[in-house]
Amino acid sequence: MRRRIVQMGAAGIGGTLLARSAAAALPEIDAGKLQGGRVEFPAEVTSSERPSGGPPNPMPVNERVGFAVVGLGRLALEEVLPAFGETKKARLVALVSGTPDKAARVAAEYGVRPEAVYDYAGFDRIRDNPEIKAVYIILPNSMHKEYTVRAAQAGKDVLCEKPMAVSSAEGQAMVDACRAAQRKLMIAYRCQYEPYNREVLRMVREQVLGPVRFIDAVNLQNQGDGAQWRFNRSLAGGGSLPDVGLYCLNAARFLTGEEPIEVIARSFSPPGDPRYAEVEETVNFMLRFPSGVVANCATSYGMHESRLLRVHTPRGAISLDGAFAYDDKQLRIAHRDGRAESVDERRLPKQNQFALEIDHMAECVLSNRQPHTPGEEGVQDHRIMEAIYQSAASGQPVALPRVDGLDRTRGPAPSSS
Ligand code: NDP
């Protein structure tokens, strides 16, 4: 692959002896190398420097898993569709929307053929489009079940946004429908694919600071005006808890790998605020795990943004600020180091968590593997959220069935690339 600059230079000056010897002294062109189907470049900097990461080496486009994105709202347009530009194993091939002019514009922006744009009534026609292998459902929560079931019955694998449904019964029906149709169902728990959260998981599971005793998880945001489906119980299923509190619950579960045996909760909504006529503003909940770990979680629609995950052990604390955010994460590890109290900050290479999550689904489709966050993971979160609401309503602790073993609702870990 290495060419000498002499090829160009010598042609220009007629190949005289003088020109050849001068050109031979020039360095080789650093053109990279094709090795095992990957383009690779040698490192440009020494091992003391941060490496560039190298080319992403995606799969050839026509070998990737084709996705239809269902529902062109904020998450779809602001995060998911741009993330397809960073996926290596997935590609966008179809759109489903109830808003034709928006869908036509978005299709043109992303190179989706007009024939591959569907509306909700015509959704089942995706069956006849062999390019669509999987659908990514990004609709209001109460619509997840219908479109998961219809997609599975149309022969497509399903990646569905969180919360997977509006109740554990609906979630279980989605699992059953996908099983009956022999289709995969993955819930889009992006944090379980995001590198900083995975680094915290590694430190917890390897007991880098000893066994975890206590987890603090906070996910707060100040939600805007009332004309949103998020304030409508029949569309959302609940307020801050299933929307943003779910991240705290799911983090406590995936970090420990355990299932809580008891929950204690309180909820609050400002009296007279019409936004909270149907759903709650704030929920505090405590989860008690079989090993003795306690997780203290807080979520709200009425407070300035804060998305903090903190893990405490007798020897130190791991703190991930921005844990549940799209970006801007700060990972700090506090521990005693000789005579000094030390706080290490760890920075990881930047990676798009939505692209990682979508690629995981694509990899599962390509290799016929169970997703790391299958439907069962979402059903379990719904069961616990139901217990949280029950505790908040009664003011009493609510016991949950004991589950032995770790990671009982999860498939194999995602690959680290
Ligand atoms: P939006 O309100 O921004 O978008 C929802 C889209 O769904 C609409 O634009 C519309 O698209 C379609 N839709 C169809 N029927 C309705 C209806 N009756 N009411 C409202 N919209 C309808 O929601 P988000 O994108 O914020 O959320 C969508 C899903 O994604 C939710 O389940 C949410 O929990 C999840 N989410 C996950 C996040 C994450 O980080 N993983 C972050 C944000 C949301 P069209 O016009 O194309 O039909």
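Listing for the model above:
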| item | result |
| --- | --- |
| Principal-axis tilt of helix 246-256 within the chain, Cα atoms, nearest 10 degrees | 70 |
| Net lengthening on full extension, Leu366/Trp229 (0.36 nm per residue, minus Cα-Cα) | 45.8 nm |
| Folded to 0 to 90 degrees: helix 195-205 orientation relative to the chain principal axis, Cα | 60 |
| Inter-part distance where segment 44-110 and segment 320-361 are each reduced to a Cα centre, Å | 24 |
| Within a Gaussian network of the chain (alpha carbon springs, distance under 10 Å), most fluctuating of Asn57, Asn250, Asn197 | Asn57 |
| Mean separation of Cα contacts under 8 Å, 6 or more apart, over the residue count of the chain: relative contact order % | 15 |
| Phi-based couplings in Hz for segment 334-342 (Karplus 6.51, -1.76, 1.60; Gly and Pro marked x) | 9, 7, 8, 10, x, 8, 9, 8, 10 |
| Positive-end residue of Leu348, Ser319, Ala107, charge dipole of the chain with Cβ unit charges | Leu348 |
| Percent antiparallel among DSSP beta bridges (both partners in the chain, rounded to 5) | 65 |
| Degrees between helix 375-394 axis and first principal axis of the chain (Cα, 0 to 90, nearest 10) | 30 |
| Inter-part distance where segment 239-264 and segment 111-190 are each reduced to a Cα centre, Å | 24 |
| Solvent-accessible area, 1.4 Å probe, carbon plus sulfur percent, for segment 220-371 | 48 |
| Förster radius 45 Å - calculated FRET efficiency between His304 and Glu115 (Cβ-Cβ, nearest 0.05) | 0.50 |
| Where no second cysteine Cβ lies under 4.7 Å, the cysteines concerned in the chain | Cys160, Cys178, Cys191, Cys364 |
| Inter-label distance for Phe268 and Gln153, nm, one decimal - labels placed 7 Å from Cα along Cα-to-Cβ | 4.6 |
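The values are calculated or read from the model by the stated rules, or taken from the named source; none is laboratory data. What you are looking at is a predicted structure, and each value in this text was computed from that prediction instead of being measured. Using ideal geometry, Cβ is built from the backbone for each residue, glycine included, and neighbour counts are taken over all protein chains shown. Ligands, DNA and RNA are stripped out before the accessible areas are found, and what is left, the full protein with its side chains, is counted by its heavy atoms. Shrake-Rupley method; radii C 1.70, N 1.55, O 1.52, S 1.80 Å.
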